[in-house]
Amino acid sequence: MKFSLAINFERMTPATDMRDVARHTLEMAQLADAAGFDIVWAAEHHAIEMTIAPNPFQQLTWWAQHTNRIRLGVAVAVAAYWHPIRLAGEAAMCDLLSNGRLEFGIGCGAYQREFDRMAGGLKAQDSVPYMLEMLPLLKQLWQGDVEHNGKFWSFPKATACPKPVQKPYPSLWAAVRNPVSFDWAVANELNVMTWALTREFAEVELYMQRFHDSLAKAPAGTKRPRFSTMRHTGIYGSAREAELFINSLKRVAGQFENLFRGDGTVENGFPSEIDLASLENRAEYNSEMLQSNLMFGTPDQAIAKLKCYEALGVDNFIYYATYGLPMEQQRQSLRLFIDEVMPAFAASAPRKSLASVI
């Protein structure tokens, strides 16, 4: 099992300097690169300070200039927000400038607030057909000329300029959850990204079962894609430190819940704050549940949890670093993970302690 890092430019208050945020994300990417992480992932989000990612390719290209070997993943480009020619060109330029390190993820998008601003009020649940039309166009544009007359886009003969370094195009990923999306991803040989949110390990087992069901139904000769899963991750030295990690997660999850439901206000990019006391009697915010289900714990506890993911057949575990946790604790957690957790997984283990790399 390999490890990847997902990290956002994240600002919880206007008092935090964005230059510090930028430097922090680069430092985390460099730590992951030196430790032998497989991929560092950047998201696409708009008009919100908690996940600042208006163009993931710009972010990844910057990281590429300051890292050596780690691959650079988009998780994910939202099809409805892009024109196919522009998306193909931006992705190919990133692949070129990173010398062929791009991992390209495509998806349907997150919450309605973003669609209201980026896609003319398109209903989030109606965005899947955009992705289905987009994917084959990207493959064609990366290889040569194509003329298209479709439901959502039409254009005369064109191609992506530049072309990707990787041939015929970068590794492709899709964010999936339901059985139909698994079938589509596997049939098209897209690697799959799953996220059980705060649900128990049984949810990851369910996704793996859907993955195997889709493989069984796929056309003969279909190559097995990679299976990845993501969890909020926080590693600490003792149980006394758990509260900071859990409360950070609760606060951010509550803010995102309000955004999904359309209840929360956003002023100058900052969502309204959540009173943690208001979440105390909500089962989905139970502290013991969160500590159990997420990759929270001491190094030994994290190793025990990760062994279950490895035994299940997960190819790539994605360490999700940004959920309102202060930057210093993010760095300490990642260093503990590198120094004390990864050595238990020989294929991903660093050769020496990386506590002083950055």
| said: Pull out all pairs, ordered by first then second residue, where Cβ-Cβ is under 7 Å, the residues are six or more apart or on different chains, the first lies in the range 225-241 and is of a type outside the set (A, V, I, L, M, F, W, C), and the second is surrounded by fewer than 16 Cβ atoms within 10 Å (Cβ to Cβ). | reply: 225/189
| field | All positions within the range 153-164 that are open to solvent by 60 Å² or more (accessible area, probe 1.4 Å) and outside any strand (DSSP E or B) | value | 161, 163
| task | Give just the number: which of (1) loosely packed, with under 14 Cβ neighbours inside 10 Å; (2) over 30 Å from residue 47 (Cβ atoms) does residue 242 not satisfy? | result | (1)
| said: So, in the range 1-49, exactly how many residues are farther than 19 Å from residue 234 by Cα and out of contact with any strand residue (DSSP E or B) (no Cβ under 9 Å at 6 or more places or on another chain)? | reply: 7
| task | Would you check which residues across the range 108-133 are under 20 Å from residue 57 (Cβ atoms), out of contact with any His (no Cβ under 9 Å at 6 or more places or on another chain) and modelled with pLDDT under 95 and list them? | result | 108, 109
| message | What are the pairs with Cβ atoms under 9 angstrom where one residue, in the range 191-211, is farther than 14 Å from residue 313 by Cα and hydroxyl-bearing (Ser, Thr, Tyr) and the other, located anywhere, is open to solvent by 10 Å² or more (accessible area, probe 1.4 Å) and in a strand (DSSP E or B)? Sequence gap at least six, or different chains. | response | 198/232
| query | Restricting the range 118-151 to residues that are in a loop (DSSP other than H, G, I, E, B) and touching a residue at least 24 places away in the same chain (Cβ under 8 Å), which is farthest from the chain's Cα centre (by Cα)? | reply | 143
| field | Every residue from the range 210-239 that is surrounded by 14 or more Cβ atoms within 10 Å (Cβ to Cβ) and over 16 Å from residue 179 (Cβ atoms) | value | 222, 226, 228, 229, 230, 231, 232, 233, 234, 235, 236
| query | Can we say residue 61 is assigned to a helix (DSSP H, G or I), open to solvent by 10 Å² or more (accessible area, probe 1.4 Å) and of a type in the set (Ser, Thr, Tyr)? | reply | yes
| query | Does residue 323 meet the test of being assigned to a loop (DSSP other than H, G, I, E, B), out of contact with any Pro (no Cβ under 7 Å at 6 or more places or on another chain) and either without any contact (Cβ under 8 Å) to a residue 24 or more places away in the chain or under 24 Å from residue 52 (Cβ atoms) (or both)? | reply | yes
| task | Report whether or not residue 100 is in contact (Cβ under 8 Å) with a residue 24 or more places away in the chain, out of contact with any Phe, Trp or Tyr (no Cβ under 7 Å at 6 or more places or on another chain), of a type outside the set (Val, Ile, Thr) and assigned to a loop (DSSP other than H, G, I, E, B). | result | yes
| query | In the list 245, 270, which residue meets the criterion of being touching a Phe, Trp or Tyr at 6+ places or on another chain (Cβ under 9 Å) and of a type in the set (Phe, Trp, Tyr)? | reply | 245
| request: For residue 34, state whether it is open to solvent by 30 Å² or more (accessible area, probe 1.4 Å) and among the small types (Gly, Ala, Ser). | output: yes
| query | Among the residues of the range 253-303, which ones are in contact (Cβ under 8 Å) with a residue 40 or more places away in the chain, assigned to a loop (DSSP other than H, G, I, E, B) and surrounded by 11 or more Cβ atoms within 10 Å (Cβ to Cβ)? | reply | 269, 294, 298
| message | Looking at the structure I just gave you, is residue 154 polar (S, T, N, Q) and either within 15 Å of residue 45 (Cα to Cα) or in contact (Cβ under 8 Å) with a residue 40 or more places away in the chain (or both)? | response | no
| task | Look through the range 187-196, keep the residues that are outside any strand (DSSP E or B) and over 13 Å from residue 295 (Cβ atoms), and return whichever of them is modelled with the highest pLDDT. | result | 190
| task | List the number of the failed condition for residue 40; all other conditions in (1) under 19 Å from residue 141 (Cβ atoms); (2) in a strand (DSSP E or B) hold. | result | (1)
| field | Top-ranked residue of the range 212-223 - restricted to ones that are in a loop (DSSP other than H, G, I, E, B) and without any contact (Cβ under 8 Å) to a residue 24 or more places away in the chain, ranked as nearest to residue 316 (Cα to Cα) | value | 221
| Criterion violated by residue 172 - all others in (1) aliphatic (A, V, I, L, M); (2) in a strand (DSSP E or B); (3) surrounded by 21 or more Cβ atoms within 10 Å (Cβ to Cβ) satisfied | (3)
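The values are calculated or read from the model by the stated rules, or taken from the named source; none is laboratory data. From a predicted model like this one, the values you see are computed outputs, not experimental measurements. Cβ sites come from the backbone with ideal geometry, for glycine too, and all protein chains shown count toward neighbours. The accessibility values were calculated without ligands, DNA or RNA, using every heavy atom of the protein model including side chains. Shrake-Rupley method; radii C 1.70, N 1.55, O 1.52, S 1.80 Å.
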